[in-house]
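What follows is a short report on a single structure.
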């Protein structure tokens with residue numbers, strides 16, 4: 001249930017509603033907008049007591065939340081959320097570009113990649129320290145060594161870093177080195193991990209699972225917000241269908257739908273979404289055109305020598321071409337943010 005307070009509601013009236021929601025067995029969550037305050041009653045409690053708040057002073061209207069995800073819903077927070085980290089605002093007026101290798105392989109590899117992607121216009125650096133691989137014999141990442149390299153590269157490049165988290169046991173260690181923690185597609189419904197990440201003061205990048213519906217994706221995000229972490233960014237990275245020519249089927253409509261249903265920022269992963277470097281530029285433009293707040297793209301100094309995901313990675317020249325291809329069309333797309341805002345923000 002949502003309690004919409006009047007624009008003339010006083011602080012004591014808002015405090016009274018919050019207390020009554022607790023008494024009814026719900027958790028109150030306040031959203032203070034420009035014009036009014038919204039108080040969401042989340043959980044299982046005595047619904048009739050919330051409905052009765054219609055008669056409380058300062059209350060304009062009590063309405064039901066239409067979706068099973070409550071705190072993620074735009075009903076609770078009509079204004080879009082912005083996640084800030086290291087001077088980068090995801091969900092703001094500009095398009096954020098996160099770029100880097102699938103996995104950290106060496107100090108030299110990551111240093112050169114950071115310099116190249118920043119020069120081309122990227123605003124954040126990605127790099128995996130721990131890698132979930134289908135085969136137990138494939139490269140699994142350098143672990144702590146990779147985390148230390150990420151920290152060093154962040155200091156020299158100024159780019160905030162995002163890396164994948166796979167286990168609750170690694171949360172504290174990764175938080176020491178990363179600016180943002182990525183929940184990969186395979187872990188989207190790892191509820192123990194989501195509950196743990198809900199307690200940390202770090203932004204979380206939540207990828208959609210390969211067979212997950214948009215509703216399931218948003219409910220996974222609900223675990224994070226319900227546990228106290230509202231610094232969440234959604235990432236569409238493609239889903240499994242009958243298509244065999246691409247690694248995944250990139251769901252453009254899901255980007256638009258997630259933004260329609262939720263206030264959380266949404267970014268797109270055209271690298272995993274297609275698995276084909278030749279398609280990354282086109283899919284990136286399309287994602288921004290339907291409202292994506294950013295992109296995450298795999299870049300490697302020499303993709304043919306990459307220890308993971310080399311076939312879908314761009315080299316430095318390829319990434320630069322993609323960035324240049326994004327610039328002019330973005331200025332012409334109605335309603336899309338100007339690419340100039342990206343370069344100005346990082347200058």
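Every read-out reported here was derived from the displayed coordinates using simple, explicitly stated rules and does not represent laboratory data. Everything numeric here is computed off the predicted structure, so don't read it as measured data. Every residue, glycine as well, gets a Cβ built from its backbone with ideal geometry; the counts of neighbours run over all protein chains shown.
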*Using mean Cβ contacts within 10 Å as the protection proxy, how do 160-168, 191-199 order, highest first?*
160-168, 191-199
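Multiplying the sequence separation of residue 168 and residue 56 by 0.36 nm and subtracting their Cα-Cα distance, what value in nm do you get?
Extra length from residue 168 to residue 56 when fully extended: 36.0 nm.
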*What nm value, rounded to one decimal, do you get for the distance between residue 186 and residue 135 when each label is placed 7 Å out toward the C-beta?*
1.4
_Among 24, 286, 129, residue whose mean-square fluctuation peaks in a GNM of the chain (springs only between Cα atoms under 10 Å)_ = 24
_Run the simple label-point estimate for residue 241 and residue 64 please: 7 Å along Cα→C-beta, distance reported in nm._
3.3
*Could you work out the relative contact order of region 83-346, using alpha carbon pairs under 8 angstrom and six or more residues apart, expressed as a whole percent?*
20
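Arrange the following residues from fewest to most other Cβ atoms within 10 Å of their Cβ: 263, 16, 272.
16, 263, 272
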*Quantify how much of the Cα-Cα distance distribution of the chain extends past 26 Å, in percent.*
50
*asked:* Using a Förster radius of 25 Å, what is the FRET efficiency between residue 84 and residue 36 based on their Cβ-Cβ separation? Nearest 0.05, please.
replied: 0.55
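Please report the antiparallel percentage of DSSP beta bridges with both residues in the chain, rounded to the nearest 5.
So the antiparallel bridges in the chain amount to around 40 percent.
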*Most mobile of 288, 39, 96 per a Gaussian network model of the chain (Cα springs, under 10 Å)?*
39
*Could you give the angle, 0 to 90 degrees to the nearest 10, between helix 277-289's Cα long axis and the longest principal axis of the Cα atoms of the chain?*
30
_Cα-based Rg and Dmax for region 123-255, where Dmax is the largest Cα-Cα distance (Å)_ = 15.0, 44
*How far, in nm, would the chain grow between residue 317 and residue 195 when pulled straight, counting 0.36 nm per residue and subtracting the alpha carbon separation?*
39.9 nm
*Hey, what did region 189-278 get for relative contact order, percent, Cα under 8 Å, at least 6 apart?*
28
_Mean-position separation - Cα centroids, region 42-57 and region 64-108, in angstrom_ = 32
*Specify, per residue and in Å³, the volume enclosed by the convex hull of the alpha carbon atoms belonging to region 2-63.*
64
*Can you work out the FRET efficiency for the pair residue 260 and residue 213, with r the C-beta to C-beta distance and R0 = 25 Å, to the nearest 0.05?*
0.95
_Separation in nanometres of the label points that stand 7 Å from Cα toward Cβ, at residue 119 and residue 305_ = 1.7
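Can you put 112, 81, 284 in order, fewest other beta carbons within 10 Å first?
Going from least to most buried by this count: 112, 81, 284.
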*Most mobile of 208, 154, 305 in a GNM of the chain (Cα contacts under 10 Å)*: 305
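In whole percent, what relative contact order does region 103-247 give with Cα contacts below 8 Å and a gap of six or more residues?
Over region 103-247, the number comes to 17 percent.
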